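Worksheet: one structure, shown below.
The values are calculated or read from the model by the stated rules, or taken from the named source; none is laboratory data. Small disclaimer: the values here were computed from a predicted structure and weren't measured. Here Cβ is always computed from backbone atoms with ideal geometry, including for glycine, and neighbour counts include all displayed protein chains.
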Amino acid sequence: MADESAEVLMRVENDARLIAGVAAGAACCGATGGLGEEEVAALRGAVRAACEYAFGAAPAAGVLLEVGVARSVSRLEVTLSRPGTAAGAAAPLPALAGVDQVQRETRGDNAVLILTKLIKPPVSAE
């Protein structure tokens with residue numbers, strides 16, 4: 001597992017190909033952080049579902065989703081931000097089994113969804 005942190009920031013439109021790219025980017029960060037294949041696949045699915053949820057809550061044309069993927073030694077966080085308020089989100093969150101914590105908040109005029117996946121240190125083979 002790499003001991004370095006990494007961060008990726010991007011803005012995407014509501015396009016299935018771009019959402020798949022966001023999910024793949026988060027999965028790649030998880031894999032380089034030490035997650036196993038099943039965890040990476042579940043993380044990819046959770047990120048894709050969260051992006052679709054975020055766009056579904058703001059279906060207006062031209063809305064961009066700001067995405068941040070940050071990995072440290074102990075965790076991976078995916079932050080999704082879009083115009084609007086988290087408290088006003090009408091649709092319930094989908095089940096996001098690939099992450100350990102989901103947090104919704106409002107920052108200024110933006111609704112923010114934070115997905116956290118904890119990265120466990122590898123077991124020593126001593």
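Would you tally the residues in region 58-78 being under 15 Å from Leu113 (Cα atoms) and buried (at least 19 other Cβ atoms within 10 Å of the Cβ)?
Summing the residues that are under 15 Å from Leu113 (Cα atoms) and buried (at least 19 other Cβ atoms within 10 Å of the Cβ) in region 58-78 gives 6.
Could you list, in sequence order, the residues of region 1-38 that are surrounded by fewer than 20 Cβ atoms within 10 Å (Cβ to Cβ), under 19 Å from Ser74 (Cβ atoms) and within 15 Å of the chain's Cα centre (by Cα)?
Matches in region 1-38: Ala6, Glu7, Val8, Cys28, Ala31.
Across region 94-126, which residue is surrounded by the fewest Cβ atoms within 10 Å (Cβ to Cβ) among those that are at pLDDT 95 or above and not in a strand (DSSP E or B)?
This residue is Asp100.
Six or more apart or on different chains, Cβ atoms under 8 Å: show the pairs whose first residue is in region 52-64 and modelled with pLDDT under 80 and whose second is exposed (fewer than 15 other Cβ atoms within 10 Å of the Cβ) and aliphatic (A, V, I, L, M).
Close Cβ pairs satisfying both conditions: Ala57/Ala90; Ala57/Ala91.
Identify all residues within region 71-80 that are of a type outside the set (D, E, K, R) and modelled with pLDDT under 95; write none if there are none.
Ser72, Val73, Ser74
Go through (1) of a type in the set (A, V, I, L, M); (2) at pLDDT 90 or above; (3) under 20 Å from Glu105 (Cα atoms); (4) in a loop (DSSP other than H, G, I, E, B) and name the single condition Leu35 misses.
(3)
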